[in-house]
1. Does any residue in the range 291-305 that is open to solvent by less than 40 Å² (accessible area, probe 1.4 Å) come within less than 6 Å, Cβ to Cβ, of a residue that is at pLDDT 95 or above and near the ligand (Cβ under 8 Å from one of its atoms) six or more places away or on a different chain, and which pairs are these?
2. Which condition number in (1) touching a Leu at 6+ places or on another chain (Cβ under 8 Å); (2) among the charged types (D, E, K, R); (3) free of Cβ contacts under 8 Å to residues at least 24 places away in the same chain is the one that ARG100 fails?
3. Quick check on my filter: what residues within the range 78-96 are open to solvent by less than 40 Å² (accessible area, probe 1.4 Å), at negative phi and not β-branched (Val, Ile, Thr)?
4. Within the range 221-237, track down each residue that is surrounded by fewer than 21 Cβ atoms within 10 Å (Cβ to Cβ), under 19 Å from the mean Cα position of the chain (by Cα), in a helix (DSSP H, G or I) and away from the ligand (no atom under 16 Å from the Cβ).
5. Which ones in the range 172-196 are assigned to a loop (DSSP other than H, G, I, E, B) and either surrounded by fewer than 19 Cβ atoms within 10 Å (Cβ to Cβ) or of a type in the set (Phe, Trp, Tyr) (or both)?
6. If you check GLU199, GLU214, GLU169, GLU207, which single one turns out to be within 28 Å of ALA70 (Cβ to Cβ), assigned to a loop (DSSP other than H, G, I, E, B) and of a type outside the set (A, V, I, L, M, F, W, C)?
7. What do you reckon, is GLN125 in a loop (DSSP other than H, G, I, E, B), surrounded by fewer than 20 Cβ atoms within 10 Å (Cβ to Cβ) and at pLDDT 95 or above?
8. Conditions first: (1) open to solvent by 10 Å² or more (accessible area, probe 1.4 Å); (2) in contact with a strand residue (DSSP E or B) (Cβ under 7 Å, 6 or more places away or on another chain). LEU218 passes all but one, so which condition is the exception?
Amino acid sequence: MQILIHSADAEQWQTAIAKALPAAEVVTSSAPLQARQRADYLVAWQPPGWLLEEQTGLKGIMNLGAGVDALLTNPSLPPGVPIVKLRDAGMAGPMIDYVRYAVLHFQRDFDRYAHQQGRLQWQPQPLVPKAEWSIGVLGLGAIGARVAQALATEGFPVHGWSRSPKALEGLICHHGKAGLKSLLGQVRSLVTLLPNTPETRGIIDAEALAALPEGASLINPGRGSLIDEAALLEALGPAEARNADSHASSHEARPATGHQGRLRGAVLDAFPHEPLPAESSLWRHPRVLITPHIAAPTPRDGALEQVIATLKAWQAGEPVPSVDPAAGY
Ligand code: OXD
């Protein structure tokens, strides 16, 4: 069997896969055309169209990430080839840490203290207990469910949302359109961990943002396509309109104040175009914290086990749960 690898660290993957499957011929996408043209399996992260086009005998594609959106939207993707994605594979741990940090950023007022420091201001903020800081997690897949349950274990009331009904221990579960509306109305921090599909594109639009209580915060380590960027900027309001340290007098949700901006801040790791273009106003908004798609890098050791198990099952003709291209995940 020939295995073709395409990723930024393809050589390391090549060494690891060749060691685990000594009978396989393992090549990378930088090998000469004759050496890489007849692959049985492609192990890749965001393979370019030309690479997909030159492969005519692919029997399976192993996606080196949790999201398959880049692959499914690639016009050169050969139809009918099974795609398997990584499920957690060690990504949930770093993702939990990222989301925990972002939630604490708001719950423990680090956004306000950063702003106060710039003004040499010493102004302790009243602590809102975790039990009063409801979090909404949209997307209860392998990673989203772990994030939601980890936060619930730490004492936050956590609402989870999925397309179809789910019951997960420790979470208040919602589903469907009505469930989303109900969740949005009662969370102080909203975490978006949905896949990028035609149904989720722009799901956080002006209406969804308006449904959040005033002073809520948005944390997006999922996909940039989930957020309507113009609506987000509108909900944040002009950079100067409300300083980060103007604390809500009550812990309760308050009615919207229109153009002043009702969103307290956002922590964003994913964008429709990456790197985030220099002209995006998000870069310059003082209540937005931007990270460069680092929330949960794929750890090679964790992923290797799933990659090898999939390749072995494919070779043995055993069934492997694969992506549903129509659903988009
Ligand atoms: C992934 C990602 O989908 O890193 O795994 O974005």
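The values are calculated or read from the model by the stated rules, or taken from the named source; none is laboratory data. Note that the structure is a prediction, hence the values are computed from the model and not measured. Here Cβ is always computed from backbone atoms with ideal geometry, including for glycine, and neighbour counts include all displayed protein chains. For the accessible areas, the whole protein counts, side chains as well, though only heavy atoms, and no ligand, DNA or RNA atoms are used. Shrake-Rupley method; radii C 1.70, N 1.55, O 1.52, S 1.80 Å.
1. Qualifying pairs under 6 Å: ALA296/MET91; ALA303/LEU86.
2. Answer for ARG100: the failing condition is (3).
3. Result: PRO78, LEU86, MET91, ALA92, GLY93, MET95.
4. Answer for the range 221-237, where residues must be surrounded by fewer than 21 Cβ atoms within 10 Å (Cβ to Cβ), under 19 Å from the mean Cα position of the chain (by Cα), in a helix (DSSP H, G or I) and away from the ligand (no atom under 16 Å from the Cβ): just GLU229.
5. Filtering the range 172-196 for residues assigned to a loop (DSSP other than H, G, I, E, B) gives 185-188, 193-196.
Within the range 172-196, GLY185, GLN186 qualify.
6. Details: GLU214 fails: within 28 Å of ALA70 (Cβ to Cβ); GLU169 fails: within 28 Å of ALA70 (Cβ to Cβ); GLU207 fails: assigned to a loop (DSSP other than H, G, I, E, B).
Within the list GLU199, GLU214, GLU169, GLU207, the selection yields GLU199.
7. Details: in a loop (DSSP other than H, G, I, E, B): yes; surrounded by fewer than 20 Cβ atoms within 10 Å (Cβ to Cβ): yes; at pLDDT 95 or above: yes.
Taking the combined requirement at face value, the residue satisfies it.
8. It is condition (1) that LEU218 fails.
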